[in-house]
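Here the structure comes first, spelled out in structure tokens, and everything after it is commentary.
Values quoted throughout were computed directly from the atomic coordinates according to the rules given, and no laboratory measurement underlies them. None of the values given here were measured: they were computed from a predicted structure. All Cβ positions, glycine included, derive from the backbone under ideal geometry; neighbour counts span all protein chains shown.
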Amino acid sequence: MSEFSIDPAVAALARDAFWVTVCSGAGMSAESNVPTFRDAETGLWERFDPTELATPEAWSADPALVWAWYQWRARLVRGARPNAGHDAVAEWARRRTVTVVTQNVDDLHEQAGSEVTAHLHGSLFAPRCSNCWLPYSGTDADPDRATEDLHVEPPTCPRCLSPVRPGVVWFGEPLPPDAWDRAADAAVGCDLLVVVGTSNLVYPAASLPERALAAGIPVIEINPDPTPLSSAVTHFLQTTAGIGLPALLEHVPPAG
Ligand code: OAD
């Protein structure tokens, strides 16, 4: 039994929803020890300058720095395991229709057993050619040497010999259109949207719960800290993903 108390109106939303869309951000993986971006002290953007690491300009200026940084992050994630929040989302999908849309570039939802409908910001584990976009499946230069400040030359595309780049979306780049279309459809097609672990500052991802609300779909937000969305959502649960999601799941009866 969860120690986090759920309001009866929130419990009813969880119990009665047949199609739930979960929109997750970096806070979803915080309890798996994967750092978020904007949390004070622990957030990646407290320690690193996004303009030097997460833009097309950064890549052009210093591909070996950018490649090494993403290899370091991939290594962090390889050592991480899903938390109780990821597990609750996977279990919810065994009971109801659940569409997972994430801004996260880790694979912790998949490790927990969820199928992810849209990785809006790409994946740490899907590198591709920076020129011809051929997915790259070779082993990388030397992942175990990658640290947060090392330069590691990216591998070379076997087809066109251009450098291979991380398969993530950088600031200033468009989202993958198919992933975006699936996410936007799920945001307005579901009968409950749960937005969890995102600061709701980065668009267009932050527009998904806004679209749901505009369509009259209830939105439950889970976050230990209020965000710009919190005053607009149907219910704000001020707690972590690892506590809030299992607490919601307790109210969803098993299928059948
Ligand atoms: P942020 O780092 O901006 O926000 C993380 C949110 O998670 C904050 O609102 C925290 O309060 C919350 N949080 C922290 N611990 C939590 C926990 N245990 N459970 C639930 N919530 C928790 O991360 P995102 O909103 O995901 O993009 O960032 C969006 C995008 O900005 C990222 O995908 C990335 C970044 O720059 C790119 O790299 C393109």
Q: Putting +1 on Lys and Arg Cβ atoms and -1 on Asp and Glu Cβ atoms, find which of 69, 216, 228 reaches farthest to the positive end of the dipole of the chain.
A: 216
(Q) Under a crude label model (7 Å from the Cα following the beta-carbon direction), how far is residue 115 from residue 131 in nanometres? (A) 3.7 nm
(Q) If you restrict to DSSP beta bridges whose two residues both lie in the chain, what percentage is antiparallel, to the nearest 5? (A) 20 percent
Q | Principal axis dimensions, largest first and in whole angstrom, of segment 47-193 by Cα | A | 46, 32, 30
(Q) Show me, for segment 188-203, the HN-Hα J-couplings you get by feeding each phi into the Karplus relation (A = 6.51, B = -1.76, C = 1.60, θ = phi - 60°), rounded to Hz, glycine and proline as x. (A) 9, x, 7, 10, 7, 10, 10, 10, 9, x, 10, 6, 6, 10, 9, 9
**Q.** Neighbour net charge for residue 118 - beta-carbon separation under 12 angstrom, K R +1, D E -1
**A.** -3
